[in-house]
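> Right, I'll just put the structure down here and ask away after.
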Amino acid sequence: RGLSTRAVAWAAPWRQNRRASLDDQIRPDDDDLVLTEQPTVDDRKAEAERRETKRVIRDIRRLADAGAREETRIAVSIAHRRGLFREPPHWVAALVALKTVGDASAAVWLLREMGSQADTIAYNATLAACAAAKAPDLAATLLAEMDGADGRPSPDAVSFGAALACETSWTPRAADLLRRAVDEAGDAKTTIYAYRRALELCSYTRQTSAASRAKVANTAVALLKEALDADLPLSPRDFDLTAKAAAVARRPEACAAVLDLARTRGADSDAVYARHIWALTAPPSGTAGPTDRQNDAAVAAFEQLRELRRQQGVPLTSFPANAALRACAFDRDGDTAWRLLEELDDERLKALARAGAADVKPHTLAPDEESYVWVLRAFRPNWERCLEVLAACRRRGLSVDARKCAAALEALAEAGETSLALDLVEEMDKRAVTLDADGIAAVVSCLARGGQPARAIAFFDGEREAGRRLKREAYVSALDATRALADAEVATAAVDRILTGDKAYPAVLQDAWVGAAAARAYAMRGRRSEAIDLASTRWLTDAARRPLEDDDDDDATGALGALPSKAFKARRACCDAAVEACWHAIDDAALDDAKAFYLKARARVAEGSFVVVRERMRCARLTLTPTAGDGRGRLRRPAPRAGEARQGPHARPPRRDARRREDGAPRDV
């Protein structure tokens, strides 16, 4: 126990020799009188093997509980070669250990080694391992083998429920598995298990289109109603899962329906209310954030919950409170957030003084550590109030951790207070508080905005060399800082180093925003072809990973009236970077390259989504005029038309009513 894999492998032959020599070690003495029946040599050998199997299985479970996946696989393999798995419970215990570490392939291999001993319980344990590894295709294969023919086991409700847990999204196959699980269930407990797996699947399903999100939310509510109609003893967690599915789908009306159902059954927990408040702040389709009316509705719903809990004499937990403070952070309403925080702190002290230690859990009451983070974000960019909140945390004995400091650094970055941000970082070093990913991104952005691009890039390189995980915003800020460097060669080398230096987290380098920032940096230095290729590659990669279905069908084909979704904005940033590369070009081929890239993007997205790009290209019609010197020429924008303002590559796009001709047709490229 506790030995390394090498030591276990060395000890295995010794254990085999010791087991083989049991006949010589365990022998009855012929000189003694045996007045009662004594165990034979075979009985003693079987008992020793049983104890050894029990000990090995216990060690395998300990390895699995410790998360040692490779060691667990090796231990199971050694135990199988030594023949320690003699009965079906031994095999199932090993399968459960492999399920704990999420090793589906090893579990399937061990199931095949069972042969005729594989029963329904063994198959269910293997399906559970597939669910832990999220391998739906492998689970479907195992489920197809359980047909009951030729001595093979038949599936039960647990089998279908485990196969349902393997799915990664709500699909017709998942719906069929749920129906079969409900039909095969023989008791209420198994039926609730199947419904709970389905609700969990709906709760973490991320759909792209608005219609798909609405379908998943409506499915979750329908499953909850179906379970209620069957008089199943549901728990508050089931209502919470349904509300979570509706909140993830950004459907506040579905959350309200779940809340009404929970009230009728007396299961309206704070978690369900928190999901409802969170759904109220979900941004509408095609927008970047919630509206002021949504944030006010979320705060009003929280005030109603506070009044209800006050009448019931029940202290309020931090889950709904943080959802309301999150709405204040979206609205940048720091005063309301601070008022709620002060009132919640007073109510928390009264609840602790009124209730006994056994009746209430102090760590669950509002406000908690996360509440102060949302208050700090609500005060942005008012950095003075953010520093006051940090001081209040110290006075109240709360920890000033990396998340709170990161929120304050974001406020300082937005306000351009570079010196104060560096002072805060120095104070964090004195207090042994390590910057997190948000804090690093805030410092890099603050230095870049404060006119210190070289220092921003050096800070970025130092944090990455230290092995810190960096977010997309840090890469974008560092790449934008290279555009302010005076030396073109140093700037280009910095861009190349940023794009090729991170080997620990390569996924962030494939982000569309990072590609757009790098394309802008290359375009600034005249490397037009590299900028266009980079923007095109990142745009197509992001389009393949996240299909542009985040808007409603009506919004996707219309003009760009509302703010686009995050996925669309990232791709439009790549298009703008490619057009900007053509803007900085100095030959007549620039417009042709921009037009080619525009046509490539237009083939994948509706035409109306690229009105802004089309207008920027119209403004980028350049003329080449001869100049003295190298004869390469210089760029000159055409003279503005009558009543038209002069525009540049970084100018705001024209008004939406000016993007079309008088007859309503879009302007040509």
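The values are calculated or read from the model by the stated rules, or taken from the named source; none is laboratory data. These numbers were taken from a predicted model, which means no experiment stands behind them. Quick reminder, even Gly has a Cβ in these numbers, built from the backbone with ideal geometry, and neighbours come from all protein chains shown. These accessible areas exclude ligands, DNA and RNA; they are computed on the full protein's heavy atoms, side chains included. Shrake-Rupley method; radii C 1.70, N 1.55, O 1.52, S 1.80 Å.
> May I ask you to list pairs of residues, at least six apart or on different chains, whose Cβ atoms are under 8 Å apart, with the first in the stretch 104-116 being under 13 Å from Pro153 (Cα atoms) and the second being among the β-branched types (Val, Ile, Thr)?
Filtered contacts from the stretch 104-116: Leu111/Thr126.
> From Thr500, Thr492, which residue is under 29 Å from the mean Cα position of the chain (by Cα) and of a type in the set (Val, Ile, Thr)?
Being under 29 Å from the mean Cα position of the chain (by Cα) and of a type in the set (Val, Ile, Thr) holds for just one of Thr500, Thr492, which is Thr500.
> Take the residues in the stretch 361-376 that are surrounded by fewer than 23 Cβ atoms within 10 Å (Cβ to Cβ) and not aliphatic (A, V, I, L, M); name whichever of them is nearest to Gly334 (Cα to Cα).
Ser371
> Of Arg403, Arg449, Arg472, which residue is under 23 Å from the mean Cα position of the chain (by Cα), open to solvent by 40 Å² or more (accessible area, probe 1.4 Å) and at pLDDT below 90?
So the residue among Arg403, Arg449, Arg472 that is under 23 Å from the mean Cα position of the chain (by Cα), open to solvent by 40 Å² or more (accessible area, probe 1.4 Å) and at pLDDT below 90 is Arg472.
> Next question. Which one of the conditions (1) open to solvent by 20 Å² or more (accessible area, probe 1.4 Å); (2) more than 23 Å from Leu435 (Cβ to Cβ) does Ala512 fail to meet, given that it meets all the rest?
Here Ala512 meets the rest and fails (1).
> Name every residue in the stretch 46-56 that is open to solvent by less than 80 Å² (accessible area, probe 1.4 Å), at pLDDT 85 or above and more than 15 Å from Ile74 (Cβ to Cβ), in order of residue number.
Scanning the stretch 46-56 gives Glu47, Ala48, Glu49, Glu52, Thr53, Arg55.
> Next question. Answer with yes or no whether Pro367 is over 21 Å from Leu420 (Cα atoms), in contact (Cβ under 8 Å) with a residue 24 or more places away in the chain, out of contact with any Phe, Trp or Tyr (no Cβ under 8 Å at 6 or more places or on another chain) and not in a helix (DSSP H, G or I).
yes
> In the stretch 284-336, how many residues are of a type in the set (Ser, Thr, Tyr) and either under 18 Å from Glu253 (Cα atoms) or out of contact with any helix residue (DSSP H, G or I) (no Cβ under 9 Å at 6 or more places or on another chain) (or both)?
So the count comes out to 3.
> Quick test of your reading of the structure: Leu127 fulfils all but one of (1) in a helix (DSSP H, G or I); (2) modelled with pLDDT under 90. Name the failing condition by number.
Here Leu127 clears every test but (2).
> Another question, then. Among the listed residues Gly462, Gly439, which satisfies the condition of being assigned to a helix (DSSP H, G or I) and without any contact (Cβ under 8 Å) to a residue 12 or more places away in the chain?
Gly462
> Scan the stretch 94-110 for residues that are within 16 Å of Arg62 (Cβ to Cβ), open to solvent by 10 Å² or more (accessible area, probe 1.4 Å) and either part of a helix (DSSP H, G or I) or at pLDDT below 90 (or both) and jot them down.
Those that are within 16 Å of Arg62 (Cβ to Cβ), open to solvent by 10 Å² or more (accessible area, probe 1.4 Å) and either part of a helix (DSSP H, G or I) or at pLDDT below 90 (or both): Val96, Lys99, Thr100.
> Where in the stretch 150-236 are the helices (runs of 4 or more DSSP H), entirely inside, with at least 1 residues that are in contact with a helix residue (DSSP H, G or I) (Cβ under 7 Å, 6 or more places away or on another chain), open to solvent by 20 Å² or more (accessible area, probe 1.4 Å) and of a type outside the set (A, V, I, L, M, F, W, C)?
172-184, 188-203, 210-229
> On to the next question. Give the residue, chosen from Arg62, Arg69, that is open to solvent by 90 Å² or more (accessible area, probe 1.4 Å), touching a residue at least 40 places away in the same chain (Cβ under 8 Å) and under 17 Å from Lys99 (Cβ atoms).
Within the list Arg62, Arg69, the selection yields Arg62.
> Quick test of your reading of the structure: Glu489 fulfils all but one of (1) open to solvent by 60 Å² or more (accessible area, probe 1.4 Å); (2) in contact with a helix residue (DSSP H, G or I) (Cβ under 7 Å, 6 or more places away or on another chain); (3) free of Cβ contacts under 8 Å to residues at least 40 places away in the same chain. Name the failing condition by number.
Checking Glu489 against (1) open to solvent by 60 Å² or more (accessible area, probe 1.4 Å); (2) in contact with a helix residue (DSSP H, G or I) (Cβ under 7 Å, 6 or more places away or on another chain); (3) free of Cβ contacts under 8 Å to residues at least 40 places away in the same chain, the one that fails is (2).
> Shifting gears a bit: Which residue pairs have Cβ atoms closer than 7 Å, lie 6 or more positions apart in sequence or on different chains, and pair a first residue in the stretch 124-145 that is over 13 Å from Gly161 (Cα atoms) with a second residue that is assigned to a loop (DSSP other than H, G, I, E, B) and basic (Lys, Arg)?
Note: pairs meeting the criteria are Glu145/Arg152.
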